[in-house]
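Read the structure below first, then the notes.
The values are calculated or read from the model by the stated rules, or taken from the named source; none is laboratory data. A quick note: this is a predicted structure, and the numbers were derived from the prediction, not measured. Quick reminder, even Gly has a Cβ in these numbers, built from the backbone with ideal geometry, and neighbours come from all protein chains shown. Note: accessible area is taken over every heavy atom of the protein model, side chains too, but ligands, DNA and RNA are not part of it. Shrake-Rupley method; radii C 1.70, N 1.55, O 1.52, S 1.80 Å.
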Amino acid sequence: MRHLMSPLDFTTTELDRLFDLANDMESNMEKYAHSCEGKKLATCFYEPSTRTRLSFEAAMLNLGGKVLGFSDAGSSSASKGESVSDTIRVISCYADICAMRHPKEGAPMVAASRSRIPVINAGDGGHQHPTQTLTDLLTIRSLKGRLSHLTIGLCGDLKFGRTVHSLIHALSRYEDIHFIFISPEELRVPDYITEMLKTKHIPYEQVIRLEDSIGELDLLYMTRVQRERFFNEEDYVRLKDFYILDKTKLSLAREDMLILHPLPRVNEISVEVDEDPRAVYFKQAGYGVYVRMALIYTLLGLSDVLSKAEKEN
């Protein structure tokens, strides 16, 4: 049995296989439509989510399986004081695989240590968001054709953004990656990440103005300033509109640059940008379903069954 707590839990070779499977699922949905008949996915979401929870549910339904679970802690026994450890032991009696989101860092890891079924970390506090990272990587690979030789700008909340932290770690394993971190001083990427990049001799820059670097980028990864991660409302209000990508700024970018965003968007990308062919954040949300289908399929051991069947045929 295997869990997914971090995008680094898969080697780059395993990720290639996972992304190949996701692309095949996108092209041949009927081939996989009954793969998970009789299987159940539990979605245990202790904090709000739209895309992640619904894409997990869509993924399981696309595979012919069923879904059960809860969408906030208030509708679970956590409201009565039940621990994550006890909850997953109960869920293990009802489902075959679990996707868990929790506001506390490390909670899905605690669940995995007590679980009798595979557990997928669907986001834990400001720490990790591995399935969003897999979505990002699949989007980049599918639309750029590669995950190496890229200059990547990450813009906005780089301090609290778990999607950013996971993506940096994941991309740091590929060849010739150059990061440009675009943020106000207060929201800079944490020191432990820059130390990791220094140790691996991966070049990075830290700048404040988006206009100063957008012309160098192969990818621009925009993020919102997250109100729920701030302790002080005044700081949030002061920083929430620090970056707004509009047509004027976009005119400085390369014609083949891609704009990604984990969503939800607030106002950091103007709606006028949506029609630009470089804006791929809604396609990105679609890729999230395929990569989660491939992940569920893999963690349930069904890819091994498919490989055996293909060899016999």
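If you wrap the chain in the convex hull of its Cα atoms and look at it from every side, the mean projected area works out to 16.6 nm². Mean projection of the Cα convex hull over all viewing directions, computed for the stretch 116-223: 7.5 nm². Please compute the net charge surrounding S251, taking Lys and Arg as +1 and Asp and Glu as -1 over other residues with Cβ under 13 Å from its Cβ. Charge balance in the 13 Å sphere: -1.
Restriction of the trypsin sites (Lys or Arg not before Pro) in the stretch 177-218 to DSSP coil positions whose beta-carbon has at most 11 other beta-carbons within 10 angstrom yields K200, R209. Using the Cβ-Cβ distance between D246 and M29 with R0 = 41 Å, the FRET efficiency computed as 1/(1 + (r/R0)^6) comes to roughly 0.65.
For the chain, the mean residue ellipticity at 222 nm estimated from helices alone is -12000 deg cm²/dmol, where every DSSP H run of n ≥ 4 contributes -39500 (n - 2.57) and the total is divided by all residues, rounded to the nearest 500.
To the nearest ten degrees, helix 162-171 and the longest principal axis of the Cα atoms of the chain are 90 degrees apart. Summing +1 for each Lys or Arg and -1 for each Asp or Glu among the other residues whose beta-carbon sits under 15 angstrom from that of E216 gives -3.
Extension gain, E205 to T50: 0.36 nm times the residue separation minus the Cα-Cα distance gives 52.5 nm. Checked against a 21 Å cut-off, the cross-linked pairs K104/K159; K144/K283; K200/K283; K198/K249 give Cα-Cα distances beyond that limit for K200/K283; K198/K249. Using the Cβ-Cβ distance between E37 and L143 with R0 set to 30 Å, the FRET efficiency works out to roughly 0.40.
For A279, the residues 5 or more places off, or on other chains, whose built amide H falls under 5 Å of its own are I259.
The longest stretch of the chain left intact once loop-based GluC sites (Glu not before Pro) with at most 14 other Cβ atoms within 10 Å are removed from consideration, loops following DSSP, is 176-254. Hydrodynamic analysis of the stretch 31-152 uses the Kirkwood radius over alpha carbon pairs. Inserted into Stokes-Einstein at 10 °C and 1.306 mPa s, it gives a translational diffusion coefficient of 104 µm²/s. For the residues D176, D136, a 1.4 Å probe over the protein chains yields an accessible-area ranking, largest first, of D176, D136. Count Lys and Arg as plus one, Asp and Glu as minus one, and take only other residues whose Cβ is under 13 Å from that of S115; the net charge is then +2. Spacing of the modelled spin labels on D276 and S303, each 7 Å from Cα toward Cβ, amounts to 3.5 nm. When the chain is modelled as a GNM with alpha-carbon springs shorter than 10 Å, which of L302, L18, L210 fluctuates the most? Comparing L302, L18, L210 in a Gaussian network model of the chain, the most mobile one is L302. When the residues H201, H169 are ordered by accessible surface, computed with a 1.4 Å probe over the protein chains alone, the sequence from largest down reads H201, H169. Beyond 12 Å, the tail of the calculated P(r) for the stretch 1-45 holds 74 percent of the Cα pairs.
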